[in-house]
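What follows is a set of notes on a single structure, which appears directly below.
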Amino acid sequence: MGTRQAGARHGSPWGSLLRNLLRTKPVDRIVAEGGHGEGGDLKRTMGLLQLTFFSVGATLGTGIFVILGEAVPLAGPAIVLSFVLAALTALFSALSYAELAGTIPVSGSSYSYTYATMGELVAWVCGWCLLLEYGVSVSAVAVGWGQYLNEFFAQTAGFTMPAAISYPPGGQEGGVINVPAVVVVLIATFLLLRGTSESATVNTVMVFLKIGVLVFFCLVAALAFRRGNLEPFAPLGAAGISAAGARVFFSYIGFDAASTAGEEARNPRRDLPLAIVLSLAIVTALYVLVGLTAVAAMHWSDFAEGGTEASLAVVLEVATGQGWPSVVLSLGAVIAIASVVLTVMYGQTRILFAMSRDGLIPEVFQKVNPRTAVPTANIVLVSLFIAVLAALVPLGRLADATSIGTLFAFALVNVGVMVLRRTKPAMPRSFRTPLFPFTPLLGVVFCVYLMIRLNAITWVVFALWTLVGLLVYFAYGYRRSHLAHAGAGRGRERG
């Protein structure tokens, strides 16, 4: 009996490992560390408009400008319902994000939320998935940016860049390296290195331009509206709608970008929840309008024959028989899609900043330049990673890999809301998810449903990515975790 009691006191090695993996970081400690990095602090310069436009900038463009041409052949005119399905999935998760962003207003986004609610291992896996959501999605968008640049050159100067330097390898185009994708990443890197306030100002201008371009598209495409193009409305049935919904969910990635600015927002508890919900509403309205006018102006089967990421420019050219509308759209897209690259790269660097501050990745990612108040080395390393992906990996593979990583992270955020409501019911919350617990539960269900709809290859890639992440965690993060060392220090003091 004495032996069993001693064992209970000290615990088995496996029990100790499990406790360490499930150790949570106190919310007050997470908030107290906010804004502080190695060598300097982040500055609170962003208001509600800038935060909202950061999320709109990170979201608007990834789907409509880039992925629509691949999604329409899956659903036909019912692509509109696919956008609504994806929007519902995003809405449930957005409400959960809004609650946690107002409660834990720090840079780590869903990584920090899961660290506070479900423990270190789950937080690490979530953060690892965010590398797919942010780092890989921005690479995919950079690929599409290059195609719109080519479209613009073709319309205005009568030439296109050689396929060898404007497409990634492995496709039918004969590409070797995607140089335009690297160029737009370098432009975003330059802006991020100058400072957060400067980046936010440039992004606000880009977002206004991007919204104007999409409204222009809707007006011009509406002139070529053909009701017959909408019949049959759902030629591939519910399966096609859900399959396209899983694909276009990629277009909603980024609405949570405001949550990564928690340590640079002037009033994060009030503004972060508002920015997340407002940005999703703006983006969804534009997506539905653009999707509807696109399939009404050009028959859905023609999208499959286009074979180009610059699908909206092709719609205008086919629908009007003139070149100038697609010139305007392509120029706007070239400028506007750059805002996606800028804001998503920003989000990626801030999540890595939070993970580094916890000791799970090298401290170089949290070193802040005292002059510009940004994590300079972090930005440079992230830009190099993204540039390599954008230069060498085809768009379709990037989009699917991004979607599954994002859906998994969103599901964890919905679970995190339920866990924190149970463990910290009295904690002050500036925003509460309505219809709790049904909203976060539906968020989990929708995320899992769309994950199931992705193809087997995507699941294999996701499994391999997660396995690599676990190996990195146990080889580095587990032993260097600041939370683990803090716990050990308290244990020694008690002893």
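The values are calculated or read from the model by the stated rules, or taken from the named source; none is laboratory data. This is a predicted model, so every value here is computed, not measured. In this analysis, Cβ positions are derived from the backbone assuming ideal geometry, glycine residues included, and neighbour counts consider all displayed protein chains.
Filter the range 433-452 down to the residues that are surrounded by fewer than 17 Cβ atoms within 10 Å (Cβ to Cβ) and touching a residue at least 24 places away in the same chain (Cβ under 8 Å) and list them by number.
434, 441, 448, 449
Quick one: which of 359, 332, 321 is more than 21 Å from the chain's Cα centre (by Cα), modelled with pLDDT under 85 and at positive phi?
Exactly one of 359, 332, 321 is more than 21 Å from the chain's Cα centre (by Cα), modelled with pLDDT under 85 and at positive phi, namely 321.
Quick check: anything in the range 93-100 of a type in the set (Asp, Glu), over 25 Å from residue 279 (Cα atoms) and in contact with a Lys or Arg (Cβ under 8 Å, 6 or more places away or on another chain)?
Taking every residue of the range 93-100 in turn, none turns out to be of a type in the set (Asp, Glu), over 25 Å from residue 279 (Cα atoms) and in contact with a Lys or Arg (Cβ under 8 Å, 6 or more places away or on another chain).
Which of the residues that make up the range 424-433 are of a type outside the set (D, E, K, R) and touching a helix residue (DSSP H, G or I) at 6+ places or on another chain (Cβ under 7 Å)?
Selection gives 427, 430, 431, 433.
Given (1) touching a Ser or Thr at 6+ places or on another chain (Cβ under 8 Å); (2) of a type in the set (A, V, I, L, M, F, W, C); (3) surrounded by fewer than 24 Cβ atoms within 10 Å (Cβ to Cβ), where does residue 258 come up short, assuming only one miss?
Against the list (1) touching a Ser or Thr at 6+ places or on another chain (Cβ under 8 Å); (2) of a type in the set (A, V, I, L, M, F, W, C); (3) surrounded by fewer than 24 Cβ atoms within 10 Å (Cβ to Cβ), residue 258 comes up short only on (3).
Which one of these does residue 99 not meet: (1) more than 24 Å from residue 263 (Cα to Cα); (2) modelled with pLDDT of 85 or more?
Residue 99 satisfies every listed condition except (1).
Quick one: how many residues across the range 246-284 are free of Cβ contacts under 8 Å to residues at least 40 places away in the same chain and either within 22 Å of residue 199 (Cβ to Cβ) or under 13 Å from the mean Cα position of the chain (by Cα) (or both)?
Count: 0.
Output the residue which, of all residues in the range 384-432 that are under 18 Å from residue 71 (Cβ atoms) and modelled with pLDDT of 80 or more, is surrounded by the fewest Cβ atoms within 10 Å (Cβ to Cβ).
In this case the residue turns out to be 404.
Return the residues of the range 31-69 that are crowded, with 21+ Cβ neighbours inside 10 Å and at pLDDT below 80; say none if nothing qualifies.
Hits for the range 31-69 are 34, 37, 42, 61, 62, 63, 64, 65, 66, 67, 68, 69.
Tally up the residues in the range 423-471 that are polar (S, T, N, Q), under 17 Å from residue 242 (Cα atoms) and not in a helix (DSSP H, G or I), please.
Looking only at that region, the number is 1.
Every residue, every condition in (1) under 29 Å from residue 93 (Cα atoms); (2) among the acidic types (Asp, Glu); (3) out of contact with any helix residue (DSSP H, G or I) (no Cβ under 9 Å at 6 or more places or on another chain), yes or no:
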{"position": "160", "(1), (2), (3)": "no, no, no"}
{"position": "185", "(1), (2), (3)": "yes, no, no"}
{"position": "198", "(1), (2), (3)": "no, yes, no"}
{"position": "210", "(1), (2), (3)": "yes, no, no"}
{"position": "217", "(1), (2), (3)": "no, no, no"}
{"position": "229", "(1), (2), (3)": "no, no, no"}
{"position": "243", "(1), (2), (3)": "yes, no, no"}
{"position": "254", "(1), (2), (3)": "yes, no, no"}
{"position": "260", "(1), (2), (3)": "yes, no, no"}
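Looking at the range 98-147, which of its residues are within 16 Å of the chain's Cα centre (by Cα), of a type in the set (Val, Ile, Thr) and closer than 18 Å to residue 361 by Cα?
Of everything in the range 98-147, just one residue is within 16 Å of the chain's Cα centre (by Cα), of a type in the set (Val, Ile, Thr) and closer than 18 Å to residue 361 by Cα, namely 125.
Need the failing condition index for residue 272 against (1) modelled with pLDDT of 85 or more; (2) under 19 Å from residue 98 (Cα atoms); (3) out of contact with any strand residue (DSSP E or B) (no Cβ under 8 Å at 6 or more places or on another chain), just the number.
All conditions pass for residue 272, except number (3).
Tally the residues that are among the aliphatic types (A, V, I, L, M), closer than 23 Å to residue 452 by Cα and surrounded by 24 or more Cβ atoms within 10 Å (Cβ to Cβ), restricting the search to the range 88-126.
4
What do you reckon, is residue 207 closer than 30 Å to residue 371 by Cα, hydrophobic (A, V, I, L, M, F, W, C) and without any contact (Cβ under 8 Å) to a residue 40 or more places away in the chain?
no
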